[in-house]
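Here is the structure we will look at, set down as structure tokens.
The values are calculated or read from the model by the stated rules, or taken from the named source; none is laboratory data. Only a predicted model underlies this, so the values are computations on that prediction, with no experimental measurement involved. Methodologically, a virtual Cβ is constructed for each residue, glycine included, from the backbone with ideal geometry; neighbour enumeration extends over all protein chains shown. Calculation scope for accessible area: heavy atoms of the full protein, side chains included, ligands and nucleic acids excluded. Shrake-Rupley method; radii C 1.70, N 1.55, O 1.52, S 1.80 Å.
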Amino acid sequence: MKKIYFLASVLLAVTTLKAQFTTVDFEDLSLPAVDTFYTGVDEAGFFETKDVTFGNFYEETSWGYSWSGFAYSNMTDNVTPGFDNQYSAFAGSGANGSEKYAIYYSTDTVTFNNFAVSFGNVAITNTTYAGISMRDGDAFAKQFGSPNGADGEPDGTEGEDYFFVTIYGWDQQWGLVDSTVIYLADYRSADENDHYILEEWENFDLSNLDGSKYLTFNLTSSDVGEFGMNTPAYFAMDNLEYSMYVNSLASNETINYNAYPNPVSNVLHIEGGEGQIQFSGIDGRIVKTIDHIGSSDISVNDLPKGVYILRLSNQNGAVASKKIIVQ
């Protein structure tokens, strides 16, 4: 009888802890009709739900529009291939049959407003565009499992293809907490029965990122060409679980400085503060370190285009960080 009571108590404790998570399911966001989506057409640069900000970029162009980052969608088309169907999840709905979900493309950031967080699970799947491209191949990307590229010539992979997203967690000062890798497709096994392309929603544990305030994402594929990755750089997300990180501590000292222009193409001007400046890629690697006192002009011509974290730390241990885009 005591053993049964103890087990019930443990289960109750686990259930209570789980209930403390907020689940970002995107259902509170509005869309005008079924099979529609929001990409940031209002050029706000983000959308918010449940105290979480999802960054995006939208710009009108001569051929239509350009966007990146996060969109949200209720598209249900999981059979039509190609770029024109870039906002559909391969599962044909949100996680657990829900209506809405998020689509990620290329680059941007998830920010937990005003605090660092602990994590539960997140639901991830492929988009229809990426999933069908990997399954069947197209004019630009190869069919996964084939030893040949889209051009029909051997590509050196021997068909051992893969596509994964790396999720990086960053603390309040843009220090790297940890990262986790989620495979969206994997053909590396010698046993063909183990080959897969995610077609349904699957839950993944993000608890190793506890203490993060920001999440960034990087997509990697075995199918790479002259201009970079050939596999469409998309995935779908739903049911992101988080709660307040009770052990997070903010520094008592504040460093104030400005970094401009941002985006930057040649020289970045730093004004204010003093200490050491580090540039890190979104994978956490430090790519440039400079001593700074009051004012610095820093050439970024040696840095590849992309997103970087600029961290200024002083001798007292205080740190202030900014996200910088090199273009």
Check your understanding: Residues of the range 219-303: accessible area per residue at 1.4 Å, in Å²?
Key -> 53 Å²
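Starting from the Cα gyration tensor of the range 59-121, take the square roots of the eigenvalues, sort them a ≥ b ≥ c, and report rounded, prolate or oblate (rounded when a/c is under 1.5, otherwise prolate if a/b is larger than b/c, else oblate).
Numbers: a/c = 2.94, a/b = 1.22, b/c = 2.42.
Since a/c reaches 1.5 but b/c is at least a/b, the shape of the range 59-121 is classed as oblate.
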Study note, to complete from the structure: Compactness check, the range 180-303: C-alpha Rg relative to the 2.2 N^0.38 Å globular estimate gives 1.47
Check your understanding: If one computes P(r) from the Cα atoms of the chain, what percent of pairs lie at distances over 26 Å?
Key -> 54 percent
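How large a share of the accessible area of the range 207-327, in percent, is made up of carbon and sulfur atoms when the probe is 1.4 Å and the other protein chains stay in place?
45 percent
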**Study point:** Point-to-point label distance, residue 305-residue 220, nm (Cα→Cβ direction, 7 Å offset)
**Key:** 2.3 nm
